[in-house]
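See structure below.
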Amino acid sequence: MKAAHGMVVSMHYTLTDDRGATLDSSHGNEPFHYLHGHSNIIPGLEKALEGAEAGFKSKVTVSPANGYGEKNPEAIFEAPREHFPAEMKLEVGARVYADGPNGPITLTVVTLTEKGAVLDANHPLAEKTLHFDIEITGVRSATREELEHGHVHGAGGHSH
Ligand code: ZN
C-alpha cells in the first residue's frame, strides 16, 4: 500500500537541525502514525512521503516555509514579573505554559529584563530548516471513523 490521501502511515524518524543536533526522534518509542492528506504533519514532509510504501527510507530536508514557518515578531513580547507564578524561577530557555485563543500554548523565555522577561510564543521549530531521516514501517487504509475525525486512532494515536 502506498501513502496517499486517507491512508494511515507509520514511520520512525529522527529530526536534526542544520548543525546535526537531534531535535526529536521516534526511535525507542512506538512508530509515529499520521493520517496522510489531513495536515497532521508539516506540508514539506507530507509531500515527500506521497506514494511511499513500507520499507521506504529517505532523508528529507524541509525549509521553514514548508515546515513551521518564519518567526512572527509580534509573538515575541515582554511580560512583567508579576505575570509569572511567584514560585517560578525565571531563566533563559525556560518554558512557560499559558492559555491561548486556540488552546494551550508554550512560550519560551528569550531574555530576562528589569521588568520581567521577554517571551517567544512562536513554535520552537519556526525559522528552522528541518532534516528528517525517515523509515516507513507501515501503510494501511484509515477507518471511516479516523477519516471523519481527521486523525489516527489506536496505539500511537488518539484514544477516545
Ligand atoms: Zn478521533
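The values are calculated or read from the model by the stated rules, or taken from the named source; none is laboratory data. Just so it is clear, the model here is predicted, and its values are computed rather than measured. Cβ: placed from backbone, ideal geometry, glycine included. Neighbour counts: every protein chain shown.
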- Item | Near pairs, Cβ below 7 angstrom, 6+ apart or cross-chain, from region 135-159 (surrounded by fewer than 16 Cβ atoms within 10 Å (Cβ to Cβ) and outside any loop (DSSP other than H, G, I, E, B)) to any residue that is among the polar types (S, T, N, Q) and at pLDDT 95 or above | Gly138/Ser10
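Which residues, counting only those in region 1-48, are among the hydroxyl-bearing types (Ser, Thr, Tyr) and touching a strand residue (DSSP E or B) at 6+ places or on another chain (Cβ under 8 Å)? Spell out how you get there, then give the answer.
Initially, region 1-48 is screened for residues among the hydroxyl-bearing types (Ser, Thr, Tyr), giving 10, 13-14, 16, 22, 25-26, 34, 39.
Across region 1-48, the qualifying residues are Ser10, Tyr13, Thr14, Thr16, Thr22, Ser25, Ser26, Tyr34.
Find the residue count for region 126-160, including only residues that are of a type in the set (D, E, K, R) and within 14 Å of Pro31 (Cβ to Cβ). Can you show your working first?
Step one: list which residues in region 126-160 are of a type in the set (D, E, K, R), which gives 127-128, 133, 135, 140, 144-146, 148.
Now restrict to residues that are within 14 Å of Pro31 (Cβ to Cβ): 133, 135, 140.
Qualifying residue count, region 126-160: 3.
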- Task: State the number of residues belonging to region 112-127 that are in contact with a strand residue (DSSP E or B) (Cβ under 9 Å, 6 or more places away or on another chain) and within 11 Å of Ala79 (Cα to Cα).
- Result: 8
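Yes/no matrix, rows are residues, columns are (1) closer than 16 Å to Thr129 by Cβ; (2) surrounded by 13 or more Cβ atoms within 10 Å (Cβ to Cβ):
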site	(1), (2)
Val8	no, yes
Ser26	no, yes
Glu30	no, no
Asn40	no, yes
Ala48	yes, yes
Ala52	no, yes
